[in-house]
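Shown next, in C-alpha cells, is the structure this report addresses.
The values are calculated or read from the model by the stated rules, or taken from the named source; none is laboratory data. Given the structure is predicted, the values throughout are model-derived calculations rather than measurements. We place every Cβ from the backbone using ideal geometry, glycine too, and count neighbours over all the protein chains shown. Accessible surface is based on the protein model in full, side chains and every heavy atom, while ligands, DNA and RNA are left aside. Shrake-Rupley method; radii C 1.70, N 1.55, O 1.52, S 1.80 Å.
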Amino acid sequence: MLQQNHFALFGLKPAFEIDTARLDQAYRKLQAEVHPDRYATATAQEKLQSLAWATRINEAYQTLKNPLLRARYLLQLHGFEIHEGANTAMPAEFLMQQMEWREAIEDARHTRNLNTLVALNRELEHEMEALKHALGTALDVRGDYASAAEMVCKLRFLEKVRDEIELALEDLEQ
Amino acid sequence: MALLQISEPGQSAAPHQHKLAIGIDLGTTHSLVATVRSGMSVVLNDEMGRALLPSVVRFCADGSVVVGHDAQAAQALDPQNTIVSVKRFMGRGLKDIADIAHLPYRFVDAPGMLQINTITGIKSPVEVSAEILKVLKRRAEKSLGGEITGAVITVPAYFDDAQRQATKDAARLAGLNVLRLLNEPTAAAIAYGLDNAAEGIYVVYDLGGGTFDVSILRLTRGVFEVLATSGDSALGGDDFDRRIYCWILEQAQLPPLSAEDNRLLLTKAREAKEWLSEHHEARITCVLSHGRVIDLTLTAATFNELTATLVAKTMTPVRKALRDARLDVTDIKGVVMVGGATRMPQIRHAVAEFFGSEPLTNLDPDKVVALGAAIQANILVGNKNDDELLLLDVVPLSLGLETMGGLIEKIIPRNSPIPIARAQDFTTFKDGQTAMSIHVVQGERELVSDCRSLARFELRGIPPMAAGAARVRVTFQVDADGLLSVSARELTSGVEAHVTVKPSYGLSEEQIADMLRASFAHADEDKQARALREAQVEANRLLETVAAALKADGDSLLSTEERARIEAAVSNLRQALTRDDANAIRREIAALNQATEAFAARRMDMSIRKALAGHKLEEIDS
Ligand SMILES: Nc1ncnc2c1ncn2[C@@H]1O[C@H](COP(=O)(O)OP(=O)(O)OP(=O)(O)O)[C@@H](O)[C@H]1O
Ligand SMILES: [Mg+2]
C-alpha cells in the first residue's frame, strides 16, 4: 500500500483536473490517521511506520497540489519522463518573450520600481493560468502527451521567471 | 505485579493513570511552564505567584547558579557572569552576533557554537538554557506532585536546524523527556483557535524579546495546517531597547561605558519602551558609575521615529509568507498578536494598516505559547485520545547541498510540510574517485557562503569507476520536530554513510550523559538502578500498547500462529520483568518489537483504508 500511486492514495482518478477540495480533505483525513503525533507513545515499530506513512502522504500531497508537479507526475505514469536541463528546444517566440520579461525585471530592479514588478507578476500569473488550462485539455481530453510534455517545460520556465520576480520584490522590500 | 485497585464509589477506576505532561515556552526574555489540569490549560506559578521566569542565569563565584528574578536584579552588578537573552546565542557562532561589541560577556569562539567564559568556567548556550529549563521542571514537579513524563518545548518557527538541535539538547541536559519541539506561532494558534472555535485562514504575528515569527495557518475543524512561515530569528523587543539606548548615548554625549553602565542603560531603555506603550512620554533617569547623572525625556513620537525601520522590517517576512502561501491580505480572517513586544502601539498600527483590520489582542501575549504547548503535550503523552486536534507544520528554511563552484542544490524547499524526505542523485566528477564530501546547508540564497552550514561528512569506499559512473543517492529526512538527518549511499556498491545533523558546542555525547547522570533528582540512585528503572518503564508501556492493539485488531489481522508468536514474546517480556536485569528486559523489548513489526504495518494499512472508506470515493484504479 505504501507503493500505491499518488492519486489512488487520495481516492482520486489520475487526471490533471482534480477536485482540490476533495484532495485537501482526504489529505487531512489521512494525516489524522498516520501522523507521528498520533504515535508519540507507540512502539518503535509503529513510530517507524507512522514516520514513513506521514512522509509518503506529504510527498504525494505536495505533488498533486502543485499543477506543474501534478502534470509531470501524470506524464510519468504514462511513461513520459521529463528531463529538466536537457535543453528542450523551445519555440523561438517563447524564448523571445522570456528574454523580454527578464530584461523588464532587471530594469524594474535597477529603477526600484515595485509597481512594475507587481504588474509583471500578474501578467505572468495570467500566462500560467492559460497554460494550465491548455495542459488540462492535452492531458485529460486529447491524451496528447508529447505536447503536454512541452507545456510542462514551458510552465517550468515561467515558474523560474516568477521566482526571479519574487526575489526582486524581496530585495526591493528590504 | 500491580495490586488490584479498589475505587471509591463514584470514582472510576482509571485504567490509564493520568500522566504529567508540560509545555514550556523557552523565551528570549521570559520562560514559562504550563500544564493541562482537569481539561484546562493553565500556567504554573512559582511560590510567589509569578508566572514569568526571566530568562536570566547568573553563575556565582561559590559555584551556585541563580536563575530568574534574582539573577535579573543582579545583572547590572555582575554583567559578565549574568547571561541574559541566551536564546540569541543558541546554535550560533561569534560572527553571527551583530552587536557583539556592546555585550558584556567574555565570549569564546568555538566551531559550531560560541561559548561564554564565566567565573565558574566556560559555558555553552545549551548549558545556560538547561539551567532555565531545570528551574521550570522543578517548579512543575513541585506543583504537580510527581515526576514529569514528558515535555513539549517551543521554538521560534524560523529557528534553523542548528538552533532546534541546540534547544532539544538543552532540554535533555535538564533531564526532560522531549515529546516534541513545537513552533511558537503554531502553539499560539492552538490556544487561540481552540478558545475561539476559529475556522479559516489566520496569521500569527509573534514579536518576542529576541525573535520574530510570522505563520499563516488554515484552521479546519481541529486541524491546524501551517501554509507558510517566515521571520527573523534576530529581531525582537531587544532591538527596540537598543535604539533607545543608542539615543541616550547620543543625547547625553556619553563616552564608551563600562559593562555595568551599559547594562544599566539597557535596562532603563527597556523600562522606557514598556512605559511608552501606555503613555505619551517617558522620563529616563539614572546615575552612572562615575557619578554622571542621566535625566532625559523620550516622547512617543521620537520613539516611533527611532524605531520606524524596525517596525517596517517585520513587514518583509509578512509579505514573503503571504507570497509563499499564494494568498492575499483579503484572504486573511484574522491576525493573532503574540509576544510582549506586540503591546507597542506602533506595531499594532502597522499590522492593522497592512491587513486592513484590527489585530486580535484579546489573549495574553506572554502566556499563549506555553498554554498551546501544554495542550499538545497532554495529547502526545496519551492523556487525551483527541481525534479532533492535528498539527501539520512546515520546514521554515530550504535545505540543500553544496555543489560545484559553491552553489547550492535545494533538496527540500522551505514551507514543505513535515515530516518529509527527499532524495537526489549525484555522481563523481573524477576518474577513480573513491570518496565524496557532502556539505549540508540551510537557507534561501544561491551561494553557500550566504547560507548556514549545518554539517559536512564524507562518503568513503566508493569503488573506483570512470567519472560520472557512480550513483550517489543523498536522502534528507526531516522529522516531526523539524530536525534533519542525512544519509548518502552509492547505489552500485551499496556503501553508506549517515549523519544526524548537529552543531558542536564543546560537549561530547559522553559528557552530556555524565552530566545527566550527575544531575538526577535521585542522587543516591546509581547508574544501574536508573537503567533498570528506565527499562521497566519502557517495558510496561510497550506491554500496554501491544495489549491494546491485540485487543482491538488481533482477531481480524493475525493468523493463529502470528498471534501465538506475539503472545510468546509478550510472556517472555513479562518473565524478564520479574528479574531485576536491565539487559534482559531490553533484549525482550527488542524481540517483542520485532515480533509486532508486520502487525504494526497491517494496522497502519487498515487505518488508512478506513480513513479513505469514510469518503465517497472516486473510482480507484490501481
Ligand atoms: N508593555 C510593553 N510594551 C512594550 N514592550 C513590552 C511590553 N511588555 C513586554 N514588552 C517586551 O516584550 C519582550 C518580551 O516578550 P516575550 O516575553 O513575549 O518574549 P520572549 O518569549 O521571551 O522572546 P522570544 O519569543 O523572542 O524568544 C521584551 O522585549 C519586553 O520588553
Ligand atoms: Mg516568545
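Summary of values
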| item | result |
| --- | --- |
| Nearby lysines by direct alpha-carbon distance to A:LYS160 (threshold 16 angstrom, same-chain neighbours under 8 apart not counted) | A:LYS132, B:LYS410 |
| Average accessible area per residue (Å²) across segment A:111-165 - probe 1.4 Å, nucleic acids and ligands excluded | 51 Å² |
| Förster-model FRET efficiency, 25 Å R0, B:ALA466 and B:THR403, C-beta, rounded to 0.05 | 0.80 |
| Residues of segment A:6-65: accessible area per residue with a 1.4 Å probe, Å² | 32 Å² |
| In Å², nearest 10: area of B:SER230 left accessible to a 1.4 Å probe | 0 Å² |
| Cross-link reach list, aspartates and glutamates versus B:LYS95, counting only Cα pairs under 16 Å and skipping chain neighbours closer than eight places | B:ASP109, B:ASP450 |
| In nm, spacing of pseudo-spin labels at B:GLU562 and B:ASP581 (7 Å Cα→C-beta vector) | 3.1 nm |
| Sites matching trypsin sites (Lys or Arg not before Pro) across segment B:176-226 that sit in DSSP coil, with at most 10 neighbouring C-beta atoms within 10 Å | B:ARG221 |
| Gyration tensor (alpha-carbon) shape descriptor, chain A, a/c threshold 1.5 | oblate |
| Pairwise FRET efficiency - B:GLN594 versus B:HIS498, Cβ, R0 = 25 Å, nearest 0.05 | 0.70 |
| Helix axis angle, B:259-275 relative to chain B longest principal axis, alpha carbon, degrees | 90 degrees |
| Compactness of segment A:6-65, expressed as Rg and Dmax over alpha-carbon positions, Å | 12.5, 40 |
| Threshold 50 Å² - residues in segment B:410-445 whose accessible area is reduced by that much or more when the chain is no longer isolated, probe 1.4 Å | B:PRO417, B:PRO419, B:ARG445 |
| For chain B, the longest site-free run once chymotrypsin sites (Phe, Trp or Tyr not before Pro) in DSSP loop states with at most 14 other Cβ atoms within 10 Å are removed | B:1-428 |
| Segment B:203-219 versus segment A:1-58: alpha-carbon centroid distance in Å | 27 Å |
| Rh by Kirkwood over Cα pairs, then Stokes-Einstein D for the protein assembly as shown at 0.692 mPa s and 37 °C, µm²/s | 113 µm²/s |
| Between segment B:160-191 and segment B:222-296, the alpha-carbon center distance in angstrom | 28 Å |
| Carbon/sulfur fraction of accessible area - the protein assembly as shown, other protein chains in place, 1.4 Å, % | 50 percent |
| FRET E, pair A:THR63, B:ALA252, Förster distance 51 Å, beta-carbon r, rounded to 0.05 | 0.25 |
| Restraint check, A:LYS47/B:LYS137; B:LYS333/B:LYS367; B:LYS19/B:LYS333; B:LYS123/B:LYS273; A:LYS13/B:LYS384; A:LYS65/B:LYS610, Cα-Cα greater than 25 Å | A:LYS47/B:LYS137; B:LYS19/B:LYS333; B:LYS123/B:LYS273; A:LYS13/B:LYS384 |
| In segment B:323-398, the trypsin sites (Lys or Arg not before Pro) that fall in loop regions by DSSP, at most 11 other Cβ within 10 Å | B:ARG326 |
| Residue-normalised accessible area of segment B:399-509, expressed per residue, 1.4 Å probe, Å² | 46 Å² |
| Accessible area buried between chains A and B, both sides summed, probe 1.4 Å, in Å² to nearest 100 | 4900 Å² |
| Rg/Rh for chain B, where both radii come from Cα atoms and Rh is the Kirkwood radius | 0.99 |
| Loop GluC sites (Glu not before Pro), segment B:209-309 (other Cβ atoms within 10 Å of the site Cβ: 12 or fewer; DSSP) | B:GLU278 |
| Helical contribution to [θ] at 222 nm, DSSP H n ≥ 4, -39,500 (n - 2.57), averaged over the protein assembly as shown, rounded to 500 | -14000 deg cm²/dmol |
| Residue order for B:LYS551, B:LYS123 - accessible surface, 1.4 angstrom probe, largest first | B:LYS551, B:LYS123 |
| With DNA, RNA and ligands ignored, accessible area of B:HIS349 (1.4 Å probe; Å², nearest 10) | 130 Å² |
